[in-house]
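S.K.: Have a look at this one.
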Amino acid sequence: MKYGENIKSLLFVSILLLFLTQCYYLNSQTIFKMPTRPYGAVIVDYDLDGDNDLIVGCSAIGSNDIDSIVIMFNDGWGNFDIQGFEANNDIFIYCEDLNNNGYPDIISRDADSVFFHENNQQGGLGNYYSICNTDGNRRIGGISDMDTNGFSDIVYFDIQKPYGWGIVYNEGNNVFLDDYFYSSNSGALLRAVVGDLNNNDISDVLVTSNLKEEGAYAMINNIESFDKNMIVNENWSQGFIVNLDNESENDVGLINQSSSILDSTTVYTFSNVNQTITLEDSAFLIGGGRINNIIDFDLDGYPDLSVTVSSWIPDPAEDSIFIYHNDQNWNFNLIHEYYIGEHFLPSLISGDLNMDGYPDILAIGYLDPTVDYIQILWNDRNGGFIDTNNVYVYVKERRMNELIHLFPNPSPTGCFKLQSYSGKIKTVKIFNLSGKIIFKVNFSCQDINIDLSNLDCEPGLYVCLIELEKNKTIIKKLLIKN
């Protein structure tokens with residue numbers, strides 16, 4: 001009997017692995033229709049089940065339409081259970097734990113206010129709170145605990161008068177103080193992004209201006225004040241703080257975006273050593289591209305760029321996504337181009353949506369009133385993106401999977417915790433992608449620890465077969481990631 005059960009388990013997992021490895025012959029959904037125009041989106045594990053979900057803010061188009069927030073719950077394989085919630089003026093979407101309870105809340109904004117929906121911890125929207133009002137059409141440049149009081153604050157900039165950037169401080173208990181503002185003396189449009197520039201685990205602010213008089217400068221955060229450090233007196237359309245060279249300190253990138261698809265956008269990369277910011281190199285992005293994401297797409301330890309180019313011309317012209325690879329020497333090389341049709345100013349969001357360890361891309365037709373869908377491009381792990389999900393699920397058992405909580409996933413050490421809300425666990429077997437059992441344990445309990453750290457497991461994807469009482473079987477993916 002025991003031998004027969006082992007054969008049955010092996011066949012079951014072999015079928016699963018067949019579908020995992022024969023990815024290019026299977027189609028998983030990549031285009032999702034929204035109730036109205038998708039205006040902003042974020043990738044986040046909203047229900048804390050270990051899988052990244054999608055949250056989309058949809059803006060009403062006609063007088064009979066309503067704004068809505070769409071939450072797309074991920075089953076861990078890139079399949080989504082879509083739920084929509086009526087909302088009010090939810091245009092741009094961000095996520096952060098604002099009340100410090102461990103669950104990400106949904107932050108949204110329209111032209112003149114910023115507010116958030118509390119995570120109700122049951123897969124829906126909770127209480128609704130106002131964060132601040134503004135006359136300057138605010139954009140959020142970053143969310144971080146700027147005053148180190150344990151609650152995340154909001155760094156913003158205004159794209160209309162009064163020009164400048166500021167901070168809304170989160171005091172806890174849903175109390176927000178909009179009491180820091182840095183005005184633009186020259187009337188320039190200032191953009192602010194957040195990141196640690198002096199390696200003290202406290203967020204600083206990088207400010208860029210579209211006028212040479214303001215230039216680009218770093219605001220070093222001293223908690224109660226800021227020190228202004230000028231970088232260069234030139235005009236810039238974007239800036240970012242990221243570790244470009246895989247060293248200990250974050251570096252700086254400044255972008256001079258072209259206003260024409262016939263010209264090139266230029267990225268200037270600056271090294272940061274002991275707060276001395278030095279120009280290292282420049283890269284040219286074809287077609288006046290706009291940088292959307294700075295993320296390590298190929299997992300080589302160096303962040304790459306995703307860039308969109310919008311033709312601004314009706315069909316048959318098409319918008320494109322360009323992927324520029326970090327050459328590890330302060331420059332970026334174009335390695336992939338993907339046509340996404342006529343989106344009109346497309347916006348990209350990146351995150352791992354099928355738990356294979358590689359960031360995927362979500363594209364939305366920002367500002368296009370004729371497009372009511374979002375599109376996922378799956379990372380093919382070779383520097384490109386495809387329409388087909390390369391980790392596909394054969395049997396979808398979302399309801400059962402919700403009753404098993406496996407975390408942290410991914411794990412940097414190979415140590416996981418397994419909790420069952422559907423009866424006691426009888427057996428856990430873990431397979432590598434060759435179908436070999438590398439871990440097996442029998443017991444009768446609802447909470448267990450899985451430790452693969454002593455098995456010298458290579459970083460990558462593994463399959464966990466969980467057998468519960470009453471002959472229930474659940475499959476989970478494990479990801480060990482450095």
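The values are calculated or read from the model by the stated rules, or taken from the named source; none is laboratory data. What you see is a predicted model, and the numbers here were worked out from it, not measured in a lab. For neighbour counting, all protein chains shown are included, and Cβ atoms are generated from backbone atoms with ideal geometry for every residue, glycine included. Ligands, DNA and RNA are stripped out before the accessible areas are found, and what is left, the full protein with its side chains, is counted by its heavy atoms. Shrake-Rupley method; radii C 1.70, N 1.55, O 1.52, S 1.80 Å.
S.K.: Kindly provide the Kirkwood hydrodynamic radius of segment 194-293 in Å, to one decimal, from all pairs of distinct alpha carbon atoms.
M.R.: Roughly 13.9 Å, rounded to one decimal.
S.K.: Solvent-accessible area of Met230, probe 1.4 Å, all protein chains present, reported in Å² to the nearest ten, please.
M.R.: Surface accessible to solvent at Met230 totals approximately 90 Å².
S.K.: So, in Å, what gap is there between the alpha-carbon centers of segment 173-191 and segment 82-134?
M.R.: 21 Å
S.K.: Tell me, what HN-Hα J-couplings in whole Hz come from the Karplus equation 6.51 cos²θ - 1.76 cosθ + 1.60 at θ = phi - 60° for each residue of segment 35-41, using x for Gly and Pro?
M.R.: x, 9, 5, x, 10, x, 8
S.K.: Please list 253-259, 223-229 highest first by mean number of surrounding beta-carbon atoms within 10 Å per residue.
M.R.: Answer by packing, highest mean first, reads 253-259, 223-229.
S.K.: Determine how many Å³ per residue the convex hull of the Cα atoms of segment 59-148 encloses.
M.R.: 137 Å³
S.K.: Only four residue types carry charge here, +1 at the Cβ of Lys and Arg and -1 at the Cβ of Asp and Glu. Report the dipole size of segment 186-336 about the Cα centre in Debye, rounded to the nearest 20.
M.R.: 540 debye
S.K.: Could you pull the accessible area for Cys95 with a 1.4 Å probe, rounded to 10 Å²?
M.R.: 20 Å²
S.K.: Only four residue types carry charge here, +1 at the Cβ of Lys and Arg and -1 at the Cβ of Asp and Glu. Report the dipole size of segment 96-184 about the Cα centre in Debye, rounded to the nearest 20.
M.R.: 260 debye
S.K.: For segment 77-233, count the residues as N, evaluate 2.2 N^0.38 Å, and divide the Cα radius of gyration by that value, please.
M.R.: Rg over 2.2 N^0.38 Å, computed on Cα atoms: 1.11.
S.K.: Mind giving me the nanometre distance, one decimal, between the label points for Thr276 and Phe85, set 7 Å out from Cα along Cα→Cβ?
M.R.: Modelled inter-label distance: 5.0 nm.
S.K.: Could you work out how far apart the two model spin labels at Glu224 and Asn482 are, taking each label as a point 7 Å from the Cα in the direction of the beta carbon, and quote it in nm?
M.R.: Using points 7 Å along Cα→Cβ, the separation is 4.4 nm.
S.K.: Taking the full set of protein chains and a 1.4 angstrom probe, give the accessible area of Tyr129 in square angstrom, rounded to the nearest 10.
M.R.: Ignoring ligands and nucleic acids, Tyr129 comes out at about 60 Å².
S.K.: Separate question: Express the Stokes-Einstein translational diffusion coefficient of segment 118-170 in µm² s⁻¹, to the nearest whole number, given a Kirkwood radius over alpha-carbon pairs, 20 °C and a viscosity of 1.002 mPa s.
M.R.: My calculation gives 170 µm²/s for D.
S.K.: Further, regarding this structure: Can you work out ³J(HN,Hα) from phi for every residue in segment 443-457, in order, using Karplus 6.51 cos²θ - 1.76 cosθ + 1.60 and θ = phi - 60°, giving whole Hz and x for Gly and Pro?
M.R.: 6, 9, 7, 10, 10, 9, 10, 10, 10, 9, 5, 8, 9, 6, 6
S.K.: Next question. Over segment 407-482, what is the relative contact order in whole percent, taking alpha-carbon pairs under 8 Å and six or more residues apart?
M.R.: Rounded, it is 38 percent for segment 407-482.
S.K.: Over segment 140-194, what is the mean sequence separation of C-alpha contacts under 8 Å (at least six apart), divided by residue count, expressed as relative contact order in percent?
M.R.: The normalised contact order for segment 140-194 reaches 35 percent.
S.K.: Now a separate question. Hey, can you grab everything whose amide H is under 5 Å from the amide H of Tyr182? Only 5+ residues off in sequence or another chain; H modelled, so Pro and N-termini drop out.
M.R.: Result for Tyr182 returns Trp165, Gly166.
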